[in-house]
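What follows is a single structure, written as structure tokens, with notes after it.
The values are calculated or read from the model by the stated rules, or taken from the named source; none is laboratory data. Since this is a predicted model, take the numbers as computed values, not measurements. Positions of Cβ are backbone-derived with ideal geometry, glycine not excepted, and every protein chain shown enters the neighbour counts. Please note that ligands, DNA and RNA were not included when accessible areas were found on the heavy atoms of the full protein model with its side chains. Shrake-Rupley method; radii C 1.70, N 1.55, O 1.52, S 1.80 Å.
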Amino acid sequence: MSDNKQDHAALTGEHRLDDKVLNVLGTYHQRIDQERATPRQEAPGGRDGGQDQRMRAVGPQTGRFLNILVRSLTAPTILELGTSFGYSGIWLAEAARATGGKLITMEVHGYKSAYAQAMAEKAGLSEHIDFRVGDAVTMIRELRGKVDFVLVDLWKDLYLPCLEAFYPKLNTGAIVVADNMIYPATEDVKIYATAIRAKPGISSVLLPVGSGLEISRYEP
Ligand SMILES: C[S@@+](CC[C@H](N)C(=O)[O-])C[C@H]1O[C@@H](n2cnc3c(N)ncnc32)[C@H](O)[C@@H]1O
């Protein structure tokens, strides 16, 4: 049995997630299993060509971990950078609903965001999510208000420009999670780790959950 299937089996014994959420997660887990069993192929037109169907989702361990972290906050404003097809957003929005918070999620491709919106509707979570389509760096700069939680999971060369854009918008006590910090280990994520650790008020640690998460907390 793959890790995904084991994790999904464990999730179905989870009392805190309702049936609608579990069913939608089940659909995603099947798709993640298929995707991970298929050799990576560059989509026509490349990763930004508008036909890319790979979800590149964080996976169930990271999803659950995000849910646990957000559930420890009170009515948080959550910012997700890289909606993709909506998998991590289900975990974040479920925690937003549980805590009286809200999720703002950003994706450059409208067709991915549209799929994510339909799945959020099925999960009964759409009223807790504000879907925004466009370039995340530009949209972060335009954000009114501050944020309490950030998931950084878009193209890796955007981690640093996103950090520069969202850092001034962090509330005291805000938590920032960046994915793919161990796998794939790219120069871009190392630059991000060095940059966020150098920011005033940031405490940060690298955790071997999923593809590796840099967890940072802001307290000036
Ligand atoms: C790794 S995937 C996100 C996976 C998602 N967090 C999940 O776990 O389901 C990265 C996403 O970032 C999106 N993206 C790339 N550049 C972007 C940009 N400038 N602004 C917003 N989203 C962008 C890609 O289209 C892709 O869907």
Zone reached by a paramagnetic label modelled 7 Å from Asp157 Cα along Cα→Cβ, restricted to the range 184-209 with backbone N below 16 Å, covers 186-192
Set of lysines near Lys199 by C-alpha distance (under 27 Å), chain-local residues within fewer than 8 positions excluded: Lys102, Lys146, Lys156, Lys169, Lys190
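Out of the total accessible area of the chain (probe 1.4 Å, heavy atoms of protein only), what percent is carbon and sulfur? Please list the in-between numbers first.
Details: 5270 of 10300 Å².
Exposed carbon and sulfur together represent 51 percent of the surface.
What area, in nm² and to one decimal, does the C-alpha convex hull of the chain cast on average over all directions?
Details: hull surface 44.9 nm².
Orientation-averaged projected area of the Cα hull: 11.2 nm².
How large is the accessible surface per residue of the chain, computed with a 1.4 Å probe and reported in Å² as a whole number? Before the final figure, lay out the partial values.
On the way: 10300 Å² over 220 residues.
Here the per-residue accessible area is 47 Å².
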With each label point set 7 Å from Cα along the Cα-Cβ vector, what nm distance links Thr38 and Leu206? 3.1 nm
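Considering only the chain, what is the antiparallel percent among its DSSP beta bridges, to the nearest 5? Present the calculation step by step, with values, prior to reporting the outcome.
On the way: 10 of 29 bridges.
Here the share of antiparallel DSSP bridges comes out near 35 percent.
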Restricting things to Cα coordinates, could you compute the convex hull volume per residue of the range 106-197 in Å³? 118 Å³
Just reorder His29, His109 by solvent-accessible area, largest first, 1.4 Å probe, all chains present. His109, His29
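When Rg is the radius of gyration of the Cα atoms in the range 72-136 and Rh is its Kirkwood radius, what does Rg/Rh come to?
0.95
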Of the trypsin sites (Lys or Arg not before Pro) in the range 133-220, those whose Cβ has at most 10 other Cβ within 10 Å and which sit in DSSP loop: Arg144
Heavy-atom accessible area of Phe131 with all protein chains present, probe 1.4 Å, nearest 10 Å²? 50 Å²
